[in-house]
1. Treating the beta-carbon of each Lys and Arg as +1 and of each Asp and Glu as -1, no other charges, what is the dipole magnitude of segment A:281-433 about its Cα centre, to the nearest 20 debye?
2. Would you mind checking which residues have amide H under 5 Å from A:Ile69's amide H? H placed 1.01 Å from N; only 5 or more apart, or other chain.
3. Add +1 for every Lys or Arg and -1 for every Asp or Glu among the other residues with Cβ under 15 Å from the Cβ of A:Ser253, and state the total.
4. Please state the charge dipole magnitude for chain A, taken about the Cα centre, from unit charges on C-beta atoms (+1 on K and R, -1 on D and E), reported in debye and rounded to the nearest 20.
5. Let me know the charge dipole size of segment A:254-357 about its Cα centre in debye, to the nearest 20, where only the beta-carbon of Lys, Arg (+1) and Asp, Glu (-1) is charged.
6. May I ask what percent, to the nearest 5, of DSSP beta bridges between residues of chain A are antiparallel?
7. Hey, what's the per residue convex hull volume over the C-alpha atoms of segment A:303-373, in cubic angstrom?
8. Going by alpha carbons, how many degrees (0 to 90, nearest 10) lie between the helix axis of A:446-464 and the longest principal axis of chain A?
Amino acid sequence: MSDLHIYNSYTRQKEQFQSITPGHVGLYVCGPTVSGESHLGHARPYITFDVVNRYLQHLGYKVRYVRNITDAGHFEEEGREAEDKVATKAQLERMEPMELVHKYTNLFHWGMRLFNNLDPSIEPTATGHIIEQIDMIENIIAKGYAYEVNGSVYFDVKKYAEKYPYGKLSGRILEDLLETTRELDGQEEKRNKVDFALWKKAPAEHIMRWNSPWGEGFPGWHIECSAMSSKYLGDKFDIHGGGMDLQFPHHESEIAQSTIAHDHAPVNYWMHNNMITINGKKMGKSYNNVIKLTELFSGNHPILEQSYHPMVVRFYILQTHYRSTLDFSNEALQASEKAFRRLWEAHEIVQKMQRAGGAEATDKELDAKVQGFCRDCDESMNDDLNTAKVIANLFELAPIVNGFKAGHIDSGAISAETFELVQTTFKTYLEDILGMQALQVKESSNKLDQVLSLLIEIRKDAKMRKDFATSDQIRNKLAEAGVMLKDEKDGSITYTIE
RNA sequence: GGUCGAGUGGCCGAGCGGCUAGGCAGAGGUCUGCAAAACCUCGUACAGCGGUUCAAAUCCGCUCUCGACCUCCA
(Lines give C-alpha, C1' and ligand atoms only; values in the text may rest on other atoms or scores of the structure.)
Protein backbone atom coordinates (compact mmCIF):
# COMPACT_ATOMS: atom_id res chain seq x y z
CA MET A 1 0.00 0.00 0.00
CA SER A 2 1.48 3.26 -1.07
CA ASP A 3 0.79 6.81 -0.04
CA LEU A 4 0.01 7.68 -3.61
CA HIS A 5 -3.09 9.79 -3.96
CA ILE A 6 -4.54 10.57 -7.34
CA TYR A 7 -7.36 12.81 -8.40
CA ASN A 8 -10.18 10.68 -9.68
CA SER A 9 -12.21 12.54 -12.28
CA TYR A 10 -15.11 10.23 -11.61
CA THR A 11 -15.50 11.20 -7.95
CA ARG A 12 -13.89 14.62 -8.38
CA GLN A 13 -11.57 14.19 -5.47
CA LYS A 14 -8.15 12.93 -4.56
CA GLU A 15 -8.19 9.34 -3.45
CA GLN A 16 -5.61 7.04 -2.06
CA PHE A 17 -4.52 4.67 -4.77
CA GLN A 18 -5.08 1.01 -4.19
CA SER A 19 -4.60 -1.50 -6.96
CA ILE A 20 -7.01 -4.33 -7.58
CA THR A 21 -4.30 -6.97 -7.71
CA PRO A 22 -1.61 -6.33 -5.11
CA GLY A 23 1.67 -5.39 -6.73
CA HIS A 24 0.12 -4.93 -10.17
CA VAL A 25 -1.48 -2.02 -11.96
CA GLY A 26 -3.55 -2.04 -15.12
CA LEU A 27 -3.23 1.29 -16.92
CA TYR A 28 -5.11 2.17 -20.08
CA VAL A 29 -4.56 5.40 -22.00
CA CYS A 30 -6.43 6.53 -25.08
CA GLY A 31 -3.93 6.65 -27.89
CA PRO A 32 -3.83 8.74 -31.03
CA THR A 33 -5.94 8.59 -34.14
CA VAL A 34 -3.33 8.01 -36.79
CA SER A 35 -4.91 9.87 -39.66
CA GLY A 36 -2.50 12.78 -39.34
CA GLU A 37 0.73 13.96 -37.78
CA SER A 38 1.06 14.12 -34.03
CA HIS A 39 1.22 17.62 -32.62
CA LEU A 40 2.21 19.43 -29.45
CA GLY A 41 -1.19 18.71 -27.93
CA HIS A 42 -0.53 14.99 -28.19
CA ALA A 43 2.69 15.40 -26.25
CA ARG A 44 0.94 16.21 -23.01
CA PRO A 45 -1.10 13.06 -22.28
CA TYR A 46 1.61 10.70 -23.41
CA ILE A 47 4.26 12.43 -21.35
CA THR A 48 1.91 12.75 -18.40
CA PHE A 49 0.97 9.10 -18.41
CA ASP A 50 4.52 8.07 -19.12
CA VAL A 51 5.35 9.66 -15.79
CA VAL A 52 2.40 7.88 -14.19
CA ASN A 53 3.73 4.62 -15.59
CA ARG A 54 7.27 5.39 -14.46
CA TYR A 55 6.21 6.44 -10.99
CA LEU A 56 4.06 3.38 -10.42
CA GLN A 57 7.02 1.24 -11.42
CA HIS A 58 9.23 3.26 -9.10
CA LEU A 59 6.80 2.44 -6.30
CA GLY A 60 7.34 -1.22 -7.08
CA TYR A 61 4.25 -2.03 -9.09
CA LYS A 62 4.38 -4.22 -12.11
CA VAL A 63 2.45 -2.13 -14.62
CA ARG A 64 0.67 -3.34 -17.69
CA TYR A 65 0.35 -0.19 -19.72
CA VAL A 66 -2.01 -0.43 -22.67
CA ARG A 67 -2.26 2.41 -25.16
CA ASN A 68 -4.27 1.92 -28.32
CA ILE A 69 -3.81 3.12 -31.84
CA THR A 70 -7.04 4.28 -33.42
CA ASP A 71 -6.68 3.26 -37.02
CA ALA A 72 -10.28 2.62 -37.90
CA GLY A 73 -13.14 4.96 -38.55
CA HIS A 74 -13.68 7.87 -40.80
CA PHE A 75 -10.48 8.17 -42.68
CA GLU A 76 -9.34 11.14 -44.61
CA GLU A 77 -5.83 12.35 -44.74
CA GLU A 78 -5.44 16.03 -44.08
CA GLY A 79 -5.13 18.10 -47.19
CA ARG A 80 -5.87 15.23 -49.49
CA GLU A 81 -8.70 15.49 -51.99
CA ALA A 82 -11.80 13.51 -51.34
CA GLU A 83 -11.68 12.01 -54.78
CA ASP A 84 -8.50 10.25 -53.75
CA LYS A 85 -10.47 7.43 -52.38
CA VAL A 86 -12.86 7.10 -55.27
CA ALA A 87 -12.94 3.48 -56.29
CA THR A 88 -12.74 4.17 -60.01
CA LYS A 89 -9.16 5.36 -59.76
CA ALA A 90 -6.31 2.98 -60.31
CA GLN A 91 -5.45 1.22 -57.08
CA LEU A 92 -2.03 2.80 -56.71
CA GLU A 93 -3.51 6.25 -57.10
CA ARG A 94 -6.06 5.74 -54.40
CA MET A 95 -5.50 6.34 -50.79
CA GLU A 96 -4.77 3.03 -49.14
CA PRO A 97 -5.85 3.25 -45.49
CA MET A 98 -3.17 0.88 -44.28
CA GLU A 99 -0.49 2.95 -45.96
CA LEU A 100 -1.66 6.10 -44.30
CA VAL A 101 -2.07 4.54 -40.92
CA HIS A 102 1.37 3.04 -41.13
CA LYS A 103 2.95 6.33 -42.03
CA TYR A 104 1.45 8.22 -39.12
CA THR A 105 1.90 5.42 -36.64
CA ASN A 106 5.61 5.45 -37.42
CA LEU A 107 5.72 9.19 -37.06
CA PHE A 108 3.93 8.97 -33.73
CA HIS A 109 6.42 6.39 -32.47
CA TRP A 110 9.26 8.58 -33.63
CA GLY A 111 7.92 11.45 -31.52
CA MET A 112 7.35 9.25 -28.49
CA ARG A 113 10.91 7.98 -28.65
CA LEU A 114 12.33 11.49 -28.85
CA PHE A 115 10.29 12.41 -25.78
CA ASN A 116 11.86 9.43 -24.06
CA ASN A 117 8.47 7.91 -23.33
CA LEU A 118 8.67 4.28 -22.35
CA ASP A 119 6.84 1.96 -24.72
CA PRO A 120 3.49 0.71 -23.54
CA SER A 121 3.31 -2.98 -22.69
CA ILE A 122 0.68 -3.49 -25.36
CA GLU A 123 -0.30 -1.15 -28.17
CA PRO A 124 -3.40 -2.66 -29.72
CA THR A 125 -4.95 -1.36 -32.90
CA ALA A 126 -8.66 -0.93 -33.47
CA THR A 127 -8.51 -2.71 -36.81
CA GLY A 128 -6.86 -5.67 -35.15
CA HIS A 129 -9.77 -6.06 -32.74
CA ILE A 130 -12.84 -5.90 -34.94
CA ILE A 131 -13.96 -9.32 -33.77
CA GLU A 132 -13.71 -8.37 -30.10
CA GLN A 133 -15.71 -5.23 -30.80
CA ILE A 134 -18.41 -7.12 -32.65
CA ASP A 135 -18.62 -9.62 -29.79
CA MET A 136 -19.05 -6.85 -27.31
CA ILE A 137 -21.76 -5.17 -29.38
CA GLU A 138 -23.67 -8.45 -29.68
CA ASN A 139 -23.40 -8.83 -25.94
CA ILE A 140 -24.90 -5.39 -25.40
CA ILE A 141 -27.70 -6.07 -27.87
CA ALA A 142 -28.45 -9.35 -26.12
CA LYS A 143 -28.79 -7.50 -22.84
CA GLY A 144 -31.28 -5.15 -24.43
CA TYR A 145 -29.30 -1.95 -24.32
CA ALA A 146 -28.58 -1.55 -28.02
CA TYR A 147 -30.68 -1.71 -31.16
CA GLU A 148 -30.05 -2.10 -34.84
CA VAL A 149 -31.39 0.25 -37.49
CA ASN A 150 -30.50 -0.07 -41.17
CA GLY A 151 -27.23 -1.82 -40.59
CA SER A 152 -26.12 0.47 -37.79
CA VAL A 153 -26.22 -0.31 -34.08
CA TYR A 154 -26.87 2.31 -31.41
CA PHE A 155 -26.55 2.27 -27.67
CA ASP A 156 -29.76 3.09 -25.81
CA VAL A 157 -28.59 5.81 -23.47
CA LYS A 158 -32.02 6.69 -22.11
CA LYS A 159 -32.65 3.16 -21.01
CA TYR A 160 -29.18 2.94 -19.51
CA ALA A 161 -29.74 6.13 -17.57
CA GLU A 162 -32.80 4.71 -15.88
CA LYS A 163 -30.61 2.35 -13.95
CA TYR A 164 -27.12 3.80 -14.02
CA PRO A 165 -25.63 7.26 -13.40
CA TYR A 166 -25.08 8.29 -17.01
CA GLY A 167 -23.25 11.60 -17.12
CA LYS A 168 -21.54 11.29 -13.78
CA LEU A 169 -18.01 11.32 -15.16
CA SER A 170 -18.50 14.37 -17.33
CA GLY A 171 -21.08 16.14 -15.18
CA ARG A 172 -23.80 15.89 -17.79
CA ILE A 173 -27.48 15.84 -17.06
CA LEU A 174 -29.42 13.61 -19.39
CA GLU A 175 -32.38 15.97 -19.64
CA ASP A 176 -30.10 18.74 -20.87
CA LEU A 177 -28.56 16.47 -23.45
CA LEU A 178 -31.96 15.40 -24.70
CA GLU A 179 -32.80 19.03 -25.41
CA THR A 180 -29.77 19.63 -27.56
CA THR A 181 -30.86 21.01 -30.88
CA ARG A 182 -27.70 20.19 -32.77
CA GLU A 183 -28.21 18.12 -35.90
CA LEU A 184 -25.92 15.16 -36.14
CA ASP A 185 -25.34 12.54 -38.72
CA GLY A 186 -27.63 9.55 -38.38
CA GLN A 187 -29.83 11.43 -35.95
CA GLU A 188 -33.05 10.28 -37.52
CA GLU A 189 -32.16 6.63 -37.01
CA LYS A 190 -31.66 6.99 -33.29
CA ARG A 191 -34.37 6.58 -30.72
CA ASN A 192 -32.89 9.50 -28.85
CA LYS A 193 -30.37 12.13 -29.75
CA VAL A 194 -28.10 11.04 -26.93
CA ASP A 195 -27.70 7.53 -28.28
CA PHE A 196 -24.30 6.81 -29.75
CA ALA A 197 -23.18 4.42 -32.44
CA LEU A 198 -21.63 1.08 -31.61
CA TRP A 199 -21.48 0.07 -35.25
CA LYS A 200 -21.99 2.20 -38.34
CA LYS A 201 -23.14 1.00 -41.69
CA ALA A 202 -20.53 1.92 -44.28
CA PRO A 203 -21.74 4.22 -47.03
CA ALA A 204 -20.82 3.11 -50.53
CA GLU A 205 -17.80 5.42 -50.73
CA HIS A 206 -16.38 4.49 -47.35
CA ILE A 207 -13.03 2.77 -47.74
CA MET A 208 -12.74 1.06 -44.40
CA ARG A 209 -15.35 -1.66 -44.00
CA TRP A 210 -15.76 -5.01 -42.37
CA ASN A 211 -18.39 -7.71 -42.42
CA SER A 212 -20.58 -7.91 -39.39
CA PRO A 213 -23.88 -9.47 -38.33
CA TRP A 214 -25.44 -6.15 -39.42
CA GLY A 215 -23.83 -5.90 -42.83
CA GLU A 216 -20.70 -4.09 -43.99
CA GLY A 217 -19.62 -1.31 -41.75
CA PHE A 218 -17.12 -0.09 -39.20
CA PRO A 219 -17.06 0.17 -35.41
CA GLY A 220 -18.21 3.24 -33.52
CA TRP A 221 -15.49 5.35 -32.02
CA HIS A 222 -15.99 4.42 -28.39
CA ILE A 223 -16.25 0.68 -28.55
CA GLU A 224 -12.60 -0.02 -29.40
CA CYS A 225 -11.28 1.22 -26.08
CA SER A 226 -13.83 -0.79 -24.14
CA ALA A 227 -13.17 -3.96 -26.07
CA MET A 228 -9.40 -3.70 -25.95
CA SER A 229 -9.06 -2.54 -22.37
CA SER A 230 -11.17 -5.41 -21.07
CA LYS A 231 -9.34 -7.88 -23.26
CA TYR A 232 -5.91 -6.97 -21.91
CA LEU A 233 -6.62 -5.56 -18.48
CA GLY A 234 -9.79 -7.33 -17.47
CA ASP A 235 -13.41 -6.31 -16.93
CA LYS A 236 -12.31 -4.03 -14.15
CA PHE A 237 -8.96 -2.34 -14.11
CA ASP A 238 -7.14 0.31 -12.13
CA ILE A 239 -6.50 3.47 -14.11
CA HIS A 240 -7.89 4.88 -17.32
CA GLY A 241 -6.27 8.03 -18.63
CA GLY A 242 -6.67 10.49 -21.45
CA GLY A 243 -7.16 14.11 -22.32
CA MET A 244 -9.92 16.10 -20.68
CA ASP A 245 -11.61 16.58 -24.01
CA LEU A 246 -12.29 12.85 -24.12
CA GLN A 247 -14.37 12.90 -20.97
CA PHE A 248 -17.47 13.47 -23.00
CA PRO A 249 -18.68 11.71 -24.94
CA HIS A 250 -15.86 9.19 -25.29
CA HIS A 251 -15.19 8.11 -21.73
CA GLU A 252 -18.78 8.50 -20.64
CA SER A 253 -19.76 6.12 -23.44
CA GLU A 254 -17.03 3.69 -22.51
CA ILE A 255 -18.41 3.50 -19.00
CA ALA A 256 -21.93 2.90 -20.27
CA GLN A 257 -20.95 0.17 -22.75
CA SER A 258 -18.70 -1.66 -20.36
CA THR A 259 -21.12 -1.43 -17.49
CA ILE A 260 -23.75 -3.21 -19.56
CA ALA A 261 -21.33 -5.73 -21.05
CA HIS A 262 -19.71 -6.66 -17.75
CA ASP A 263 -22.44 -5.79 -15.26
CA HIS A 264 -20.21 -3.34 -13.43
CA ALA A 265 -18.19 -0.18 -13.99
CA PRO A 266 -14.91 -0.82 -15.82
CA VAL A 267 -12.47 1.51 -14.11
CA ASN A 268 -11.49 2.47 -10.55
CA TYR A 269 -9.59 5.69 -11.23
CA TRP A 270 -10.13 8.04 -14.14
CA MET A 271 -7.34 10.50 -14.81
CA HIS A 272 -7.55 13.39 -17.23
CA ASN A 273 -4.83 15.75 -18.29
CA ASN A 274 -5.69 19.32 -19.17
CA MET A 275 -5.16 20.93 -22.56
CA ILE A 276 -2.29 22.84 -24.08
CA THR A 277 -3.40 26.23 -25.32
CA ILE A 278 -1.90 28.72 -27.72
CA ASN A 279 -2.76 32.30 -26.92
CA GLY A 280 -5.38 31.01 -24.55
CA LYS A 281 -7.07 28.84 -27.17
CA LYS A 282 -7.01 25.09 -27.19
CA MET A 283 -4.78 23.66 -29.85
CA GLY A 284 -6.85 21.79 -32.37
CA LYS A 285 -7.51 21.17 -35.99
CA SER A 286 -10.67 23.22 -35.92
CA TYR A 287 -8.84 26.21 -34.43
CA ASN A 288 -6.14 26.12 -37.05
CA ASN A 289 -3.39 26.62 -34.53
CA VAL A 290 -1.77 23.23 -34.50
CA ILE A 291 1.99 22.89 -34.14
CA LYS A 292 3.08 19.50 -35.32
CA LEU A 293 5.88 17.68 -33.57
CA THR A 294 8.03 17.78 -36.68
CA GLU A 295 7.58 21.56 -36.79
CA LEU A 296 8.26 21.97 -33.10
CA PHE A 297 11.54 20.08 -33.25
CA SER A 298 12.67 21.87 -36.40
CA GLY A 299 11.38 25.35 -35.61
CA ASN A 300 9.64 25.36 -38.95
CA HIS A 301 6.38 27.10 -38.09
CA PRO A 302 5.35 30.77 -38.28
CA ILE A 303 4.77 31.17 -34.57
CA LEU A 304 7.99 29.44 -33.53
CA GLU A 305 10.99 31.68 -32.95
CA GLN A 306 13.32 28.71 -32.81
CA SER A 307 13.36 24.93 -32.69
CA TYR A 308 12.79 23.24 -29.38
CA HIS A 309 14.48 20.07 -28.25
CA PRO A 310 12.07 17.28 -27.25
CA MET A 311 13.58 17.25 -23.76
CA VAL A 312 12.89 20.97 -23.41
CA VAL A 313 9.27 20.36 -24.38
CA ARG A 314 9.05 17.51 -21.92
CA PHE A 315 10.50 19.63 -19.14
CA TYR A 316 8.16 22.48 -19.99
CA ILE A 317 5.16 20.15 -19.78
CA LEU A 318 6.28 18.66 -16.47
CA GLN A 319 6.86 22.10 -14.94
CA THR A 320 3.09 22.46 -14.84
CA HIS A 321 0.71 20.22 -12.97
CA TYR A 322 -1.04 17.90 -15.41
CA ARG A 323 -4.52 19.10 -14.48
CA SER A 324 -3.79 22.77 -15.22
CA THR A 325 -4.00 24.24 -18.66
CA LEU A 326 -0.63 24.99 -20.13
CA ASP A 327 -0.25 27.99 -22.36
CA PHE A 328 2.30 27.81 -25.12
CA SER A 329 4.64 30.67 -25.83
CA ASN A 330 8.15 31.02 -27.14
CA GLU A 331 9.07 32.84 -23.96
CA ALA A 332 7.89 29.96 -21.79
CA LEU A 333 9.71 27.35 -23.85
CA GLN A 334 12.91 29.38 -23.83
CA ALA A 335 12.68 29.79 -20.09
CA SER A 336 12.27 26.04 -19.78
CA GLU A 337 15.31 25.44 -21.92
CA LYS A 338 17.54 27.60 -19.76
CA ALA A 339 16.10 26.18 -16.58
CA PHE A 340 16.57 22.62 -17.72
CA ARG A 341 20.17 23.19 -18.77
CA ARG A 342 21.01 24.55 -15.35
CA LEU A 343 19.25 21.76 -13.51
CA TRP A 344 20.78 19.05 -15.64
CA GLU A 345 24.25 20.45 -15.10
CA ALA A 346 23.77 20.39 -11.35
CA HIS A 347 22.67 16.78 -11.73
CA GLU A 348 25.82 15.86 -13.64
CA ILE A 349 27.98 17.70 -11.15
CA VAL A 350 26.57 15.97 -8.10
CA GLN A 351 26.83 12.54 -9.65
CA LYS A 352 30.51 13.01 -10.35
CA MET A 353 31.32 14.68 -7.06
CA GLN A 354 33.23 13.17 -4.16
CA ARG A 355 32.12 14.33 -0.76
CA ALA A 356 34.79 15.57 1.63
CA GLY A 357 35.02 15.12 5.38
CA GLY A 358 33.73 12.63 7.91
CA ALA A 359 30.39 10.87 7.84
CA GLU A 360 28.69 13.36 10.13
CA ALA A 361 27.19 16.65 8.99
CA THR A 362 29.00 19.76 10.16
CA ASP A 363 25.98 21.93 9.46
CA LYS A 364 22.93 20.26 10.93
CA GLU A 365 20.62 22.98 9.76
CA LEU A 366 21.64 22.69 6.12
CA ASP A 367 21.59 18.93 6.41
CA ALA A 368 18.00 18.97 7.58
CA LYS A 369 17.01 21.44 4.89
CA VAL A 370 18.53 19.34 2.15
CA GLN A 371 16.87 16.21 3.45
CA GLY A 372 13.60 18.08 3.50
CA PHE A 373 13.83 18.97 -0.17
CA CYS A 374 14.61 15.37 -1.06
CA ARG A 375 11.80 13.95 1.01
CA ASP A 376 9.37 16.48 -0.38
CA CYS A 377 9.89 15.01 -3.83
CA ASP A 378 8.24 11.80 -2.66
CA GLU A 379 5.44 13.69 -0.99
CA SER A 380 4.84 15.83 -4.05
CA MET A 381 4.61 12.87 -6.39
CA ASN A 382 2.30 11.09 -4.00
CA ASP A 383 0.09 14.16 -4.01
CA ASP A 384 -1.47 13.58 -7.41
CA LEU A 385 1.76 13.61 -9.37
CA ASN A 386 2.91 17.14 -8.61
CA THR A 387 5.87 17.14 -10.97
CA ALA A 388 6.04 20.93 -10.82
CA LYS A 389 6.79 20.76 -7.11
CA VAL A 390 9.36 18.03 -7.63
CA ILE A 391 11.19 20.23 -10.10
CA ALA A 392 11.01 23.18 -7.70
CA ASN A 393 12.63 21.00 -5.02
CA LEU A 394 15.42 20.00 -7.35
CA PHE A 395 15.98 23.68 -8.07
CA GLU A 396 16.39 24.27 -4.35
CA LEU A 397 19.09 21.63 -4.34
CA ALA A 398 20.92 22.96 -7.40
CA PRO A 399 22.59 26.03 -5.81
CA ILE A 400 23.76 23.88 -2.91
CA VAL A 401 25.34 21.38 -5.26
CA ASN A 402 26.93 24.20 -7.24
CA GLY A 403 28.12 25.69 -3.98
CA PHE A 404 29.92 22.44 -3.17
CA LYS A 405 31.63 22.57 -6.50
CA ALA A 406 32.56 26.24 -6.31
CA GLY A 407 33.89 25.61 -2.84
CA HIS A 408 31.97 28.17 -0.83
CA ILE A 409 29.94 25.38 0.76
CA ASP A 410 31.85 22.50 2.25
CA SER A 411 30.38 19.24 1.03
CA GLY A 412 31.03 17.89 4.51
CA ALA A 413 28.37 20.30 5.75
CA ILE A 414 25.82 17.63 5.02
CA SER A 415 26.24 14.07 6.17
CA ALA A 416 27.51 11.31 3.92
CA GLU A 417 24.06 9.80 4.03
CA THR A 418 22.38 13.04 3.00
CA PHE A 419 24.89 13.56 0.24
CA GLU A 420 24.04 10.16 -1.15
CA LEU A 421 20.36 11.01 -0.85
CA VAL A 422 20.92 14.09 -2.99
CA GLN A 423 22.64 12.00 -5.62
CA THR A 424 19.89 9.41 -5.73
CA THR A 425 17.18 12.06 -5.65
CA PHE A 426 18.57 13.74 -8.75
CA LYS A 427 19.13 10.45 -10.49
CA THR A 428 15.82 8.86 -9.55
CA TYR A 429 13.61 11.85 -10.07
CA LEU A 430 15.15 13.56 -13.04
CA GLU A 431 16.03 10.46 -15.03
CA ASP A 432 13.88 7.58 -13.85
CA ILE A 433 10.62 9.24 -12.89
CA LEU A 434 10.47 12.44 -14.92
CA GLY A 435 12.24 10.63 -17.74
CA MET A 436 14.65 13.41 -18.62
CA GLN A 437 17.80 12.92 -20.67
CA ALA A 438 20.77 15.07 -21.58
CA LEU A 439 20.14 17.55 -24.37
CA GLN A 440 23.15 16.43 -26.28
CA VAL A 441 24.44 12.94 -26.49
CA LYS A 442 28.11 12.82 -25.66
CA GLU A 443 30.04 12.17 -28.84
CA SER A 444 32.49 9.50 -27.97
CA SER A 445 35.05 10.02 -30.66
CA ASN A 446 38.57 9.42 -29.52
CA LYS A 447 39.94 11.44 -32.35
CA LEU A 448 37.83 14.45 -31.52
CA ASP A 449 38.75 14.15 -27.86
CA GLN A 450 42.42 14.13 -28.72
CA VAL A 451 42.15 17.11 -31.02
CA LEU A 452 40.28 19.06 -28.39
CA SER A 453 42.66 18.23 -25.59
CA LEU A 454 45.48 19.45 -27.78
CA LEU A 455 43.68 22.75 -28.37
CA ILE A 456 42.88 23.02 -24.70
CA GLU A 457 46.54 22.50 -23.81
CA ILE A 458 47.60 25.19 -26.27
CA ARG A 459 45.01 27.53 -24.83
CA LYS A 460 46.21 26.86 -21.29
CA ASP A 461 49.77 27.65 -22.31
CA ALA A 462 48.71 30.82 -24.06
CA LYS A 463 46.79 31.92 -21.00
CA MET A 464 49.80 31.22 -18.83
CA ARG A 465 51.92 33.41 -21.09
CA LYS A 466 49.17 36.04 -21.02
CA ASP A 467 48.84 35.61 -24.76
CA PHE A 468 45.12 36.29 -24.64
CA ALA A 469 44.85 36.89 -28.37
CA THR A 470 45.68 33.25 -28.99
CA SER A 471 43.60 31.88 -26.13
CA ASP A 472 40.57 33.91 -27.18
CA GLN A 473 40.99 32.90 -30.79
CA ILE A 474 40.89 29.23 -29.84
CA ARG A 475 37.81 29.73 -27.72
CA ASN A 476 36.00 31.85 -30.30
CA LYS A 477 36.76 29.63 -33.25
CA LEU A 478 35.70 26.55 -31.39
CA ALA A 479 32.51 28.30 -30.35
CA GLU A 480 31.76 29.00 -33.99
CA ALA A 481 32.18 25.29 -34.64
CA GLY A 482 29.76 24.52 -31.83
CA VAL A 483 32.26 23.56 -29.17
CA MET A 484 31.92 25.61 -26.01
CA LEU A 485 34.94 25.89 -23.76
CA LYS A 486 34.55 26.69 -20.12
CA ASP A 487 37.29 27.76 -17.74
CA GLU A 488 36.71 25.99 -14.48
CA LYS A 489 37.64 27.39 -11.10
CA ASP A 490 40.47 24.94 -10.58
CA GLY A 491 42.18 26.01 -13.81
CA SER A 492 41.01 23.08 -15.89
CA ILE A 493 39.08 23.60 -19.10
CA THR A 494 36.02 21.58 -20.03
CA TYR A 495 34.00 21.55 -23.21
CA THR A 496 30.50 20.79 -24.39
CA ILE A 497 29.44 20.14 -27.94
CA GLU A 498 26.26 21.79 -29.09
C1' G B 1 -27.90 28.86 -24.05
C1' G B 2 -26.51 24.61 -20.51
C1' U B 3 -22.53 22.30 -17.52
C1' C B 4 -17.73 22.65 -15.49
C1' G B 5 -13.23 25.14 -14.54
C1' A B 6 -9.74 29.24 -14.19
C1' G B 7 -8.08 34.34 -13.00
C1' U B 8 -1.20 34.61 -8.52
C1' G B 9 4.62 39.64 -9.12
C1' G B 10 7.38 41.82 -16.28
C1' C B 11 6.45 36.49 -18.23
C1' C B 12 5.61 31.15 -17.00
C1' G B 13 3.80 28.67 -13.08
C1' A B 14 3.21 25.76 -7.48
C1' G B 15 0.37 26.53 -3.20
C1' C B 16 -5.56 26.39 -1.73
C1' G B 17 -7.06 28.85 6.06
C1' G B 18 -1.47 30.78 9.73
C1' C B 19 4.73 28.40 7.63
C1' U B 20 10.51 31.02 1.63
C1' A B 21 7.29 27.95 -3.75
C1' G B 22 10.24 27.48 -8.06
C1' G B 23 11.84 29.00 -12.99
C1' C B 24 12.84 32.85 -16.74
C1' A B 25 13.67 38.00 -17.39
C1' G B 26 15.50 42.55 -14.75
C1' A B 27 18.80 45.32 -11.00
C1' G B 28 23.17 45.20 -7.87
C1' G B 29 27.35 42.33 -6.26
C1' U B 30 31.31 38.10 -5.81
C1' C B 31 34.63 35.27 -8.85
C1' U B 32 37.41 35.92 -13.62
C1' G B 33 42.82 38.56 -18.12
C1' C B 34 38.12 38.76 -20.70
C1' A B 35 33.81 35.81 -21.62
C1' A B 36 30.50 32.19 -20.15
C1' A B 37 28.93 29.60 -16.13
C1' A B 38 28.23 29.52 -11.04
C1' C B 39 27.13 31.87 -6.40
C1' C B 40 24.95 35.95 -3.19
C1' U B 41 21.31 39.97 -2.60
C1' C B 42 16.78 42.51 -4.33
C1' G B 43 11.06 42.96 -6.18
C1' U B 44 7.17 41.48 -2.30
C1' A B 45 2.07 39.12 -6.15
C1' C B 46 -2.55 36.67 -5.45
C1' A B 47 -9.13 40.02 -10.91
C1' G B 48 -12.79 43.43 -8.16
C1' C B 49 -16.37 44.21 -4.16
C1' G B 50 -18.51 42.35 0.18
C1' G B 51 -18.74 38.43 4.07
C1' U B 52 -17.01 34.28 7.55
C1' U B 53 -12.58 33.81 10.88
C1' C B 54 -8.09 35.51 16.05
C1' A B 55 -6.07 34.74 10.91
C1' A B 56 -7.86 34.34 3.58
C1' A B 57 -4.29 34.14 -2.36
C1' U B 58 -6.59 29.93 0.09
C1' C B 59 -13.68 29.31 2.65
C1' C B 60 -18.76 31.78 1.18
C1' G B 61 -21.64 35.37 -1.97
C1' C B 62 -21.91 38.76 -5.96
C1' U B 63 -19.52 41.22 -10.24
C1' C B 64 -16.08 41.27 -14.23
C1' U B 65 -12.81 38.57 -17.58
C1' C B 66 -11.14 34.12 -19.89
C1' G B 67 -11.31 29.00 -21.15
C1' A B 68 -13.08 23.84 -21.76
C1' C B 69 -17.03 20.50 -22.85
C1' C B 70 -21.98 20.08 -25.02
C1' U B 71 -19.38 17.92 -32.55
C1' C B 72 -14.00 14.75 -34.59
C1' C B 73 -10.49 16.03 -30.87
C1' A B 74 -4.95 14.62 -26.46
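1. Charge dipole, segment A:281-433, about its Cα centre: 700 debye, nearest 20.
2. Counting only residues 5 or more places away or on other chains, the set is A:Thr125, A:Ala126.
3. +1
4. That gives a dipole near 660 debye.
5. It comes to approximately 240 debye.
6. 50 percent
7. 129 Å³
8. Result, in degrees: 40.
The values are calculated or read from the model by the stated rules, or taken from the named source; none is laboratory data. None of these values were measured; they are calculated from a predicted model. Because the Cβ atoms are built from the backbone with ideal geometry, glycine has one as well, and the counts that use them run over all protein chains shown. Only protein heavy atoms, including side chains, enter the accessible area calculation; ligands, DNA and RNA are left aside. Shrake-Rupley method; radii C 1.70, N 1.55, O 1.52, S 1.80 Å.
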